[in-house]
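Structure first, commentary second.
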Amino acid sequence: MRDFFGKRQLRAIVTSVRRAMDNHRLGSVVDRLRSGAPIDRELLLTARRAWGNEAWSADLRYLEEGTTRASRSTAPILECGTGLTTLLACAVAERKGVPVYCLEQDAGWTEVVREALARYGLSAHVSYAPLVPHGDLVWYDISGIELPRKFGLVLCDGPAVLEPWSPEIRAGWRAGVLPVLAKQGIAVDEVLLDDADEPRAARLLERWRVEFGCEEVVIGTSDGATAVVRPRPALSAQPAH
């Protein structure tokens, strides 16, 4: 029995040490990005491994595109779904004083991300926003959240539309970002859509083309596919008819 408790304590110590080392590695990446270091895949791979949530973390191509575009944005950034991308976007956006707004459907994960931001001295407007129906779609409930009237970039890696939503609703996937924001009179310059090789992505992109005159470029790699989507400027804040 003594050996059992001794091994359990040892495992706990090892886990704690590894977590501390990962926190240090991730902090170093954040500091380098803050200082203007080049955004390269090796740096992002280090961050992804240190973050530790690799089963749910975005692929490297999305991290690279998202971080690079966030570093160039001169207008507020919106992130749909939070995680490692939140830290990376905040680290590069703060150099230009660009605010980052984040919507998260899971209350517990919202707190995890807020704690991570505080740990590395980063700042973002992270809101817990459960999913609610918006016509034939579900998207975040932003009714009580104050948002800018325009976003230069939307990082779209959420929401996760799973059961118990109906198959019809789940088929709509992440399509709600443009129509819901447009209904609020919020314009969008560019959307970076993760998982563009997901079966529901083709239907989503077609809907955005019809309703918002969007044009997209799909970047496919061995890591997965990411779509860069740009609504027609005159229609970015209202659906096409």
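Helix 2-34 axis versus longest C-alpha principal axis of the chain: approximately 50°, rounded to the nearest ten.
To the nearest 0.05, what FRET efficiency results for Arg49 and Val217 with a Förster distance of 25 Å applied to their C-beta separation?
In this case the efficiency is close to 0.30.
When peptides 38-51, 107-120 are ranked by their average number of other Cβ atoms within 10 Å per residue, the highest-first order is 38-51, 107-120. In terms of other Cβ atoms within 10 Å, Thr82, Thr67, Thr74 run from fewest to most in the order Thr74, Thr67, Thr82.
Across the chain, Cα pairs under 8 Å and at least six residues apart give a relative contact order of 15 percent. Backbone amide hydrogens, once placed in the peptide plane, bring Arg174 within less than 5 Å of nothing, excluding anything fewer than 5 places away on its chain. Axis angle, to the nearest 10 degrees, between helix 201-212 and the longest C-alpha principal axis of the chain: 40 degrees. Between Arg203 and Thr68, the FRET efficiency estimated from the beta carbon spacing at R0 = 45 angstrom works out to 0.95. For the pair Glu146 and Ile169 in one chain, pulling the backbone fully straight at 0.36 nm per residue adds 5.7 nm over the alpha carbon distance. The length gained by stretching the chain between Asp31 and Asp189 to full extension, at 0.36 nm per residue less their Cα-Cα distance, is 54.1 nm.
Taking every DSSP beta bridge with both residues inside the chain, roughly what % is antiparallel (nearest 5)? Let's see the in-between values first.
Working: 14 of 31 bridges.
Rounded to the nearest five, the antiparallel share is 45 percent.
Labels on offer are (i) 28, 25, 16; (ii) 36, 21, 14; (iii) 33, 21, 17, and the one holding semi-axes √(5λ) of the Cα gyration tensor in Å computed from this structure is (iii).
Axis angle, to the nearest 10 degrees, between helix 41-51 and the longest C-alpha principal axis of the chain: 70 degrees.
Would you kindly work out the equivalent ellipsoid of the range 117-241 from its C-alpha gyration tensor and give its semi-axes, the square roots of five times the eigenvalues, largest first in whole Å?
Numbers: eigenvalues 85, 67, 63 Å².
Over the Cα atoms of the range 117-241, the ellipsoid semi-axes are 21, 18, 18 Å.
Each reported figure results from applying straightforward, stated rules to the coordinates on display, with no laboratory input. For clarity, every value in this text was computed on a predicted model and none was experimentally measured. Positions of Cβ are generated from backbone atoms using ideal geometry, with glycine treated the same way; all protein chains shown enter the neighbour counts.
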